[in-house]
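Since the structure comes first, as structure tokens, the remarks are kept for the end.
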Amino acid sequence: MKTKHITLFLFAMLGGLSISSCLNDDFLLDWDKAKETTIIELPYRTHTLVASNQLTTSNYTFNLLVNCCAVFASDIKQDIPVGIAVDQNLVNKYNTENGLDGTTAARQPYILMPAAAYAFPATVTIKTGIRESEFSVPVNTSMLTPGVKYLIPLVISSAPAPYVISGNFGMLYLRVDMRAL
């Protein structure tokens, strides 16, 4: 029995020693350069916020944040103007990724919400010494058709150098699912 355990131990040691060391590999992220680059993002893990069945009021407001991923708020030495826009091409992407092809009522695709039904600032400013800024997207649901599913695909459209727009969190879907009468 001891011989079996010793043999297994020796094979495990031999296997462990024969594996290539990753100590000499290049880093995936150069932390010295990362300190010079700060990411701007819409910090929502799900990438989708939903306001469903809003026929009882004429308005619904999405209260949102834009975030600067600085280590400390004190690292933000100047105001950061962040551009916000709608990317209408993301509506088709959302429908495709979610299997919304219109073949059944449950698969009803989303359409781009008419611009007259919502508003948002074209620029949100993250103030000096603060890591995030709030902004609102009010939606006038009385301008929407009952039973239709709407989408506002917001994106960060610009950020000044040396700030970088997040590749993962640079967009956010705002969904309004109108209840049928």
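The values are calculated or read from the model by the stated rules, or taken from the named source; none is laboratory data. For clarity, every value in this text was computed on a predicted model and none was experimentally measured. In this analysis, Cβ positions are derived from the backbone assuming ideal geometry, glycine residues included, and neighbour counts consider all displayed protein chains.
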Taking the criterion of being modelled with pLDDT of 90 or more, out of contact with any Leu (no Cβ under 6 Å at 6 or more places or on another chain) and charged (D, E, K, R), would at least one residue in the range 106-126 satisfy it?
no
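Of the residues Tyr173, Tyr163, which is modelled with pLDDT under 95, crowded, with 18+ Cβ neighbours inside 10 Å and at negative phi?
Working: Tyr173 fails: modelled with pLDDT under 95.
Just a single option satisfies the conditions, and that option is Tyr163.
Take the residues in the range 114-127 that are among the hydroxyl-bearing types (Ser, Thr, Tyr) and farther than 15 Å from Asn67 by Cβ, then tell me which one is surrounded by the fewest Cβ atoms within 10 Å (Cβ to Cβ). Break it down stepwise before answering.
Looking only at the range 114-127, we keep the residues that are among the hydroxyl-bearing types (Ser, Thr, Tyr), and these are 118, 123, 125.
Still in the running and farther than 15 Å from Asn67 by Cβ: 118, 123.
Values: Tyr118: 24, Thr123: 11.
Applying the filter and picking the extreme gives Thr123.
Return a yes/no flag: does the range 146-158 have any residue that is closer than 21 Å to Ile76 by Cα, in contact (Cβ under 8 Å) with a residue 60 or more places away in the chain and not aliphatic (A, V, I, L, M). I'd like the intermediate steps shown before the answer.
In the first step, residues of the range 146-158 are kept if they are closer than 21 Å to Ile76 by Cα; the result is 156-158.
Then drop every residue that is not in contact (Cβ under 8 Å) with a residue 60 or more places away in the chain, which leaves 156-158.
Applying the additional criterion that residues be not aliphatic (A, V, I, L, M) yields 157-158.
Yes: the range 146-158 contains one or more residues that are closer than 21 Å to Ile76 by Cα, in contact (Cβ under 8 Å) with a residue 60 or more places away in the chain and not aliphatic (A, V, I, L, M).
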Which ones in the range 70-99 are buried (at least 16 other Cβ atoms within 10 Å of the Cβ) and in contact (Cβ under 8 Å) with a residue 24 or more places away in the chain?
Ala70, Ile76, Ile80, Val82, Gly83, Ile84, Val86, Leu90, Val91, Tyr94
Only one of (1) at pLDDT 85 or above; (2) part of a loop (DSSP other than H, G, I, E, B) is not met by Glu36, so which one is it?
(1)
Of the residues in the range 154-181, those that are in a loop (DSSP other than H, G, I, E, B) and within 16 Å of the chain's Cα centre (by Cα) come to Ala159, Ser166, Gly167, Asn168, Phe169, Gly170
Specify the residue that is nearest to the chain's Cα centre (by Cα); the eligible residues are those in the range 125-153 that are of a type outside the set (D, E, K, R) and within 17 Å of Ile39 (Cα to Cα).
Ser133
Would you be able to say whether some residue in the range 67-87 is more than 21 Å from the chain's Cα centre (by Cα) and within 18 Å of Ala180 (Cα to Cα)?
no
